[in-house]
Structures are given as structure tokens and as C-alpha cells.
Amino acid sequence: MANPGDKVKVIKKEGSEEGIFVKDDKDTVFLKLGSGYNVGIDKKKITKVEVLEKGKGLNIKHAKETKFKKGLPTISILHTGGTIASKVDYRTGAVIASFDPEDLVGMFPELNEIANIDSELVANMWSDDLRFKHFEVIAKAIEKHVKKGVDGVIIGIGTDNLAVAAAALSFAVEETPIPIILVGAQRSSDRGSSDAAMNLVCAAEFIVKSDFAGVAICMHYYTSDEICSILPACKTKKLHSSRRDAFKAVNDIPIAKINYKTKKIELIKKINYKKEKRKLVLKPKFEEKVGLIKVHVNMFPEQFEFFKGYKGLIIEGTGLGHTPGHVSDENNKIHEKFFPAIKKVIDSGCLIVMTSNTLFGRVNMNVYNKGVDLQNLGVIPGEDMIAETALVKLAWLLGNYSKEDAKDLIRENIKGEINERIEPDEFLE
């Protein structure tokens with residue numbers, strides 16, 4: 001019988017695979033191949049597993065107990081997912097998620113020279129499974145650690161919804177006396193190219209060396225291990241599925257850059273946030289019945305009617321902010337039913353906000369008659385908000401304010417989510 005760390009040969013009905021045995025579950029055997037990548041093999045296709053060489057088991061060493069260092073600031077690291085806090089035996093590919101401060105310092109020893117580290121496991125989940133309620137849970141965890149008197153908070157989270165979570169928390173944490181930085185890892189910890197350590201260390205450096213007090217994101221600026229960006233919470237989007245520099249500011253610029261090697265911080269954007277003796281103010285409620293729909297070709301009016309009875313809806317429309325709705329020939333005659341469908345949703349009590357499917361620029365629903373028609377129905381222009389930012393903002397507004405106030409505030413810049421004007425160079429950035 002194979003154990004983790006054993007070198008094995010898996011004989012299949014067709015061909016074979018050699019590698020280091022990682023684990024097996026009900027349906028799959030996992031191997032770490034010579035290339036360094038892990039592979040899962042369906043047990044139904046396996047005829048035999050031969051142990052070629054016995055391994056030494058897992059080689060996971062836990063760090064010694066860390067001592068509080070006088071004179072150093074304190075940073076709390078709140079975990080919502082396991083990637084950034086995973087210890088790996090690179091020989092086997094086996095991963096153990098560890099959230100104790102001692103183990104974090106063991107994995108990232110540079111942290112011990114930057115700050116005293118506190119740590120808490122808030123949740124352990126894929127960011128795909130986030131719901132509005134989780135933002136309230138995270139906000140309450142932040143509150144607990146701010147009351148302890150920490151100098152900053154780092155939130156480890158999955159990258160797929162990291163930017164959305166940052167936007168949501170920027171609203172939920174209405175005021176903060178300390179920096180709150182969201183950090184993720186694009187490359188899993190069983191790869192030598194993992195970006196977890198650099199992103200975490202740069203976030204810690206920014207917390208202790210800057211006057212920033214607010215919510216932001218820290219991720220790679222380039223693909224190389226040289227510079228990290230501090231990105232605005234409400235104007236950032238993940239633009240690549242796997243590149244380490246996937247996160248970019250949209251219609252905006254980074255707040256700062258941190259050189260990982262020199263630890264030098266370059267402030268790029270003028271910020272009004274400064275560390276000062278002000279109280280933490282939370283408004284962590286989000287209205288559950290808020291949705292988002294993306295406009296695409298060949299839609300049906302029923303797709304909009306689904307949202308009747310919702311409290312809010314974000315439309316990711318085309319270009320300057322449009323939906324289907326005009327008839328040009330017999331092939332799109334169904335489009336005469338779209339505006340009535342949208343009006344039914346609005347009449348059911350739903351606030352509808354229009355954003356654009358283009359990343360850069362802003363909606364302008366006064367250029368074409370279709371945009372004017374939609375406004376006459378009651379659709380609210382969403383300026384230059386990213387669709388997902390508009391989603392969490394509208395849910396937050398409806399969770400904390402009256403419908404009429406939410407209708408007014410959705411077009412006001414609250415947390416840097418709306419630009420009065422957009423500089424041309426920001427498209428290139």
C-alpha cells in the first residue's frame with residue numbers, strides 16, 4: 001500500500017504514470033509528477049499501483065513559538081481561505097493549511113522582522129462561495145482586532161472574488177483608523193513560482209511604513225518577483241486567470257508600489273486617508289435580494305423578468321449603457337418586449353443601475369435614444385463603476401439606507417468607486 005511520499009508507478013488500462021504518491025480519495029489517486037505538477041487519476045482507469053521506492057513521509061516542520069518583540073507594530077492576519085497559509089512538502093506536493101502565528105512566521109520569516117503577528121481563521125472557503133453575509137462576518141472580525149489595538153489588518157482570501165470582497169469591505173468598514181489590506185496568491189503554494197510570500201510581506205511593509213488608513217489590495221505589479229501594487233479597493237479587477245500581475249486598477253491608478261527587495265515604498269496616488277485617532281465605524285449590512293445581469297446577443301425578456309421582486313439589479317450593459325429594446329426587422333421582433341419587461345421589474349420595487357461591459361470609460365445614457373428610453377423607464381446610470389463594485393455598493397446602500405436615499409447615493413462617490421472625470425493615461429495604466 002502506498003503512503004504519501006512514496007515513489008510509485010500507476011498502471012492504467014492504457015499506459016502508466018510515475019510520480020510521488022500524494023494521496024487518494026474515494027475516486028482519485030493524486031501524484032506529483034517529475035515536472036512538479038500534480039495530476040489526479042481516476043481509480044476506474046487504474047489496474048495496479050506499484051511502490052517503486054518508499055518515501056520518508058511528510059516533511060512539514062512547524063515553527064517554534066514566537067516571542068513578542070517590543071517596539072514592533074502588531075498586524076493581525078485574518079484568513080478566509082487556505083492558499084496563502086499552506087505549508088507544503090515540495091517533494092510530495094502534500095499541503096497542510098496552518099493558521100497559527102508561529103507557523104505563519106515559520107513560512108514567512110521576514111514577517112518576524114516587520115511586525116508582531118496575530119492570526120485568526122475567520123473562514124476556510126473558496127472565494128467563489130462568498131455571500132453578502134460573509135462580508136458582515138469579516139467586518140466583525142476586523143472590529144475585534146481593531147479593539148485589540150493592532151496597527152493593521154491583512155485579509156488572506158481567494159483571488160477570484162478578492163477585488164469584489166475589497167469593494168464590499170470598503171463600504172462595510174465605513175471608517176477605519178488603520179490599514180486593511182486584502183492579499184491573495186495566484187499560484188498555489190506547491191509551485192516554486194508562488195506569489196503568496198511576496199504579496200504578504202509587501203502588504204505588511206506598507207502597513208507599517210505608510211500613513212494609509214482604509215481598505216486596499218496588495219498583489220504583484222509585474223510577473224517578476226520585484227514589485228507589488230497597493231490597489232484601490234473599488235476600482236480594481238482581476239484581468240487574467242493565472243498571471244501573478246492579474247490585478248489592475250480600472251479607470252484609476254495604483255495607490256503605491258512596494259519594492260520587495262529594497263522595501264522602498266513609492267506613493268503614486270494622493271490619498272486623503274491618514275492614521276489618526278478616529279473610531280472604527282461599521283455598516284456591515286447588505287441587502288440579499290440584489291442581482292447582476294450581463295447583456296449579450298440573443299437575450300430573452302424573461303431573463304430580466306426573473307428579477308421582479310428583487311430590491312436591486314445591476315445591468316452590465318453594452319457600450320455607453322444599453323440593452324436590447326428596439327426592433328429593426330422580423331428577426332428581432334421579440335425586442336419590443338424588453339422595455340416592458342424592464343419596467344415590470346422597476347414597478348415591482350427594484351432599483352436598476354446601468355454599468356458598462358467595457359472595462360474603461362463610463363456609461364453615458366444621453367448620447368443615443370435607446371439610453372434615453374431606458375432612463376425614462378427608471379434605469380439609473382452607474383457612471384464609471386465596475387459592475388461588481390456597483391453590485392456590492394447597491395446591496396450595501398439598500399441594507400443600510402432607505403430606498404430613496406439609496407437611489408440618490410448610488411450616483412455619488414463614497415469610497416472612490418466613481419470618478420468625476422477620467423484621465424486618458426489611466427486607460428494605459
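Quick look at the values:
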read-out: Unique residue being within 30 Å of residue 404 (Cα to Cα) and of a type in the set (A, V, I, L, M) when the list is 297, 250; value: 250
read-out: Matching residues, region 45-76, being more than 17 Å from residue 29 (Cβ to Cβ), modelled with pLDDT of 90 or more and surrounded by 14 or more Cβ atoms within 10 Å (Cβ to Cβ); value: 72, 73, 74, 75, 76
read-out: Some residue of region 225-233 being in a loop (DSSP other than H, G, I, E, B) and crowded, with 22+ Cβ neighbours inside 10 Å; value: yes
read-out: Subset tally (residues that are over 17 Å from residue 45 (Cα atoms), in contact with a Ser or Thr (Cβ under 6 Å, 6 or more places away or on another chain) and part of a strand (DSSP E or B)) for region 1-25; value: 2
read-out: Cβ-Cβ under 6 Å pairs, at least 6 apart or on other chains, region 179-200 side assigned by TED's automatic domain parsing to the domain that holds residue 233, far side surrounded by fewer than 19 Cβ atoms within 10 Å (Cβ to Cβ) and at pLDDT 85 or above; value: 198/225
read-out: All positions within region 141-166 that are under 16 Å from residue 208 (Cβ atoms) and in contact with a helix residue (DSSP H, G or I) (Cβ under 8 Å, 6 or more places away or on another chain); value: 151, 152, 153, 154
read-out: Hits in region 123-150 (condition: under 23 Å from residue 205 (Cβ atoms) and part of a loop (DSSP other than H, G, I, E, B)); value: 149, 150
read-out: Failed condition for residue 221, given (1) under 16 Å from residue 154 (Cα atoms); (2) in contact with a Cys (Cβ under 7 Å, 6 or more places away or on another chain); (3) of a type in the set (Ser, Thr, Tyr); value: (1)
read-out: Some residue of region 250-267 being under 15 Å from the mean Cα position of the chain (by Cα) and not hydroxyl-bearing (Ser, Thr, Tyr); value: yes
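Table: residues versus (1) buried (at least 20 other Cβ atoms within 10 Å of the Cβ); (2) in the same structural domain as residue 32 (by TED's automatic domain parsing); (3) part of a loop (DSSP other than H, G, I, E, B); (4) not aromatic (Phe, Trp, Tyr).
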{"residue": "158", "(1), (2), (3), (4)": "yes, no, yes, yes"}
{"residue": "206", "(1), (2), (3), (4)": "yes, no, no, no"}
{"residue": "241", "(1), (2), (3), (4)": "no, no, yes, yes"}
{"residue": "244", "(1), (2), (3), (4)": "yes, no, yes, yes"}
{"residue": "248", "(1), (2), (3), (4)": "yes, no, no, yes"}
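The values are calculated or read from the model by the stated rules, or taken from the named source; none is laboratory data. Fair warning: this is a prediction, and the values are worked out from it, not measured in the lab. Methodologically, a virtual Cβ is constructed for each residue, glycine included, from the backbone with ideal geometry; neighbour enumeration extends over all protein chains shown.
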